[in-house]
Each structure stands twice: as C-alpha cells, then as structure tokens.
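First up is the structure itself, then whatever we jot down about it.
The values are calculated or read from the model by the stated rules, or taken from the named source; none is laboratory data. All of these numbers come straight from a predicted model, not from anything done at the bench. All Cβ positions, even for glycine, are placed from backbone atoms using ideal geometry, and neighbour counts span all protein chains on display. The accessibility values were calculated without ligands, DNA or RNA, using every heavy atom of the protein model including side chains. Shrake-Rupley method; radii C 1.70, N 1.55, O 1.52, S 1.80 Å.
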Amino acid sequence: MDRTSVKIVVAGGFGTGKTTLVSSVSEIAPLTTEELLTEASLGVDDTTHVEDKTHTTVALDFGRITISPDVVLYLFGTPGQDRFWFMWDELAQGAVGAIVLVDTRRLDTSFAAVDYFERRGIPFVTAVNQFNGQCAYTEEEIRGALELDPQVPLVWCDARDRESSKLALIALVRHAMNRLRVPA
C-alpha cells in the first residue's frame, strides 16, 4: 500500500508549547532534543510568563500521526529561540504547511514565525495556545496584533490536549489543501 507522507512544521516563539503539541498528538514516542536551561541563557532567553520552564528545544521535535490508512503526518517542531532559527529553513523545506503557536501573554515572540511563513508562501494556521483554558483577547484583537492576513485561519487550542491539537492539525491540512487547489 502506498502512503502519502505529509510534512508539517510546528513553530512559534520560545515557550509557546511546540514540544507539548507534538508530544500530545504523536502516536509514537516523540523524538525531542530538550536540554536544561542553563545560567548561560539568562539575559538571552526571555522567560517572562514561563518562569517555571526548565528545558528548551535545541534542534527539533519529531512526531507522527496517521490520519487515514493512506496519509501520515510527520510533525517537526522548531526551536523557539532566535539563536536556533538557522535550522528553520531545513525544517520547513518540503513542508505542506505549519502551525504557528501563539502565547497571548507574549505575542511578540510569535511575530517572527508569522513573518517567516508569510515571506516563504508556506500555508499556516495560527493556533492560540490556551494554557489556562481561556484567553483575555478576542480573535480580532489577536489578528490585529499579529497583522494576520484575513485568509490565515486562527484557531484556539490547548497543546496539552490530544483532541485539541488534532483539531489544529485538521485546520492546517484543510487550509493547505484549499491553498493548493487550482481554480477551475
């Protein structure tokens, strides 16, 4: 049986929940490259609102989810710190699309990820990670702050919850498929 392999990137700023999303939805034990935050990261990594964060991704996260007998999604989580962005080009190569995770407590950490996928014309959805089960901002406020194109889907998710993460992936796959369709 021939399977279609689909590459998906999970991106966003430092501490937005990328590793958590990949881990929550992967049907295999995810490969993570998490390392302890060290004294050397003080003053380099902004831990505002993520003070309890003790580990960080230094290369990538990898997971897999089968969505039908014929289609398998391969998930590649990016590192969020500026000093690891050189890896994004390799991770994004061949990707059908991306989920850009957003933490509304630190929206500025997501600007670069949104810009990255816009500049490269890679379809993406913006997923607001609801760490506390709620969000203090409306969709319009978030769209305005991120300067999102109206065509970019914005979804709400909890990266810790498998079903919620799956819904974000479904939104991305639908968006990417719509972008790939050729008008008749």
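Within the set of pairs 6 or more residues apart or between chains, which connect a residue that is in contact (Cβ under 8 Å) with a residue 60 or more places away in the chain inside segment 5-23 to a residue that is basic (K, R) and assigned to a helix (DSSP H, G or I) with Cβ atoms less than 8 Å apart?
V10/K18; A11/K18; G12/K18; G13/R106; G15/R106; T16/R106
Among the residues of segment 81-112, what is the count of those that are closer than 17 Å to L169 by Cβ and in contact with a Gly (Cβ under 7 Å, 6 or more places away or on another chain)?
3
Filter segment 144-184 down to residues that are of a type in the set (K, R) and either in a loop (DSSP other than H, G, I, E, B) or in contact with a Cys (Cβ under 7 Å, 6 or more places away or on another chain) (or both) and give me whichever is farthest from F124 (Cα to Cα).
R160
Scan segment 144-163 residue by residue and report those that are under 16 Å from V102 (Cα atoms) and without any contact (Cβ under 8 Å) to a residue 12 or more places away in the chain.
G144
Among the residues of segment 110-135, write down those that are assigned to a helix (DSSP H, G or I), under 15 Å from A145 (Cα atoms) and in contact with a strand residue (DSSP E or B) (Cβ under 7 Å, 6 or more places away or on another chain).
S110, A113, V114, listed by residue number.
Checking A113 against (1) surrounded by fewer than 19 Cβ atoms within 10 Å (Cβ to Cβ); (2) modelled with pLDDT of 85 or more: exactly one of these is not met. Which one?
Exception for A113: condition (1).
Results for (1) modelled with pLDDT under 90; (2) over 18 Å from S110 (Cα atoms); (3) among the hydrophobic types (A, V, I, L, M, F, W, C); (4) open to solvent by less than 10 Å² (accessible area, probe 1.4 Å), shown as yes or no for each residue.
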{"residue": "V6", "(1), (2), (3), (4)": "no, yes, yes, no"}
{"residue": "V9", "(1), (2), (3), (4)": "no, no, yes, yes"}
{"residue": "S26", "(1), (2), (3), (4)": "no, yes, no, no"}
{"residue": "E34", "(1), (2), (3), (4)": "yes, yes, no, no"}
{"residue": "V44", "(1), (2), (3), (4)": "yes, no, yes, no"}
{"residue": "T54", "(1), (2), (3), (4)": "yes, yes, no, no"}
{"residue": "T66", "(1), (2), (3), (4)": "no, yes, no, no"}
{"residue": "L73", "(1), (2), (3), (4)": "no, yes, yes, yes"}
{"residue": "F86", "(1), (2), (3), (4)": "yes, no, yes, no"}
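For R179, only one of the following conditions fails: (1) more than 19 Å from K7 (Cα to Cα); (2) over 15 Å from the mean Cα position of the chain (by Cα); (3) in contact (Cβ under 8 Å) with a residue 40 or more places away in the chain. What is its number?
Every listed condition holds for R179 apart from (1).
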